[in-house]
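A short reminder: the numbers here are calculations on the coordinates, not readings from a lab. What you are looking at is a predicted structure, and each value in this text was computed from that prediction instead of being measured. Cβ atoms come from the backbone with ideal geometry, glycine included; neighbour counts cover every protein chain shown.
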Amino acid sequence: MMLLEFSMSPLGKGTSVGEYVSRSLEIIDQSGVDYRLNPMGTVLEGEWDEVFGVVKQCYERMREDCERVSCVIKVDYRRGAKGRLSGKVASVEKRLNRKLQT
C-alpha cells in the first residue's frame, strides 16, 4: 500500500487556478480512492496502479485545455500497511499526547 502526494496545476492560466484544480478533485472524489486534500496538494492511499491511474486521469483532464501542466509527486510505499492517511497523524498525536491541526 502506498501514499502518493501530488500537486498538479496549469502554467500560463493566471494567478488563480482553482477552476483547474477543482476538476482534479472531482476525478479524485469519484475514483473511490481514499484521499486527503491539503492546502498544497492531495494525498491518495492505495495500490500503485490505482493511485497513479487517478493522477493520470487528472493529467489527461487538465491537458485538454492547458498547454503546459506542472506536477510534483511524492510516494511512500510500506508493505502491508493500510489506513496510513489517518494512522500516521494519530501516531504523532499519540506521542505528543494531544491533537494537532490537520
Which peptide among 75-87, 1-13 comes first, and what is the full order, when sorted by highest mean count of other Cβ atoms within 10 Å?
1-13, 75-87
Taking a virtual spin label 7 Å from the Cα of Lys74 along the C-beta vector, which residues in region 15-38 bring their backbone nitrogen under 16 Å of it?
36-38
With label points set 7 Å from each Cα along the Cα-to-Cβ direction at Val89 and Gln30, the distance between them in nm comes to 2.6
Using θ = phi - 60° and the Karplus relation 6.51 cos²θ - 1.76 cosθ + 1.60, list the HN-Hα couplings for region 32-40 in order, rounded to whole Hz, with x at every Gly or Pro.
x, 6, 5, 8, 9, 8, 10, x, 10
How far apart, in nm, are the 7 Å Cα→Cβ label points at Val17 and Leu100?
2.7
Okay, helix-only estimate at 222 nm for the chain: each DSSP H run of n ≥ 4 adds -39500 (n - 2.57), divide by all residues, round to 500 deg cm²/dmol; what do you get?
-13500 deg cm²/dmol
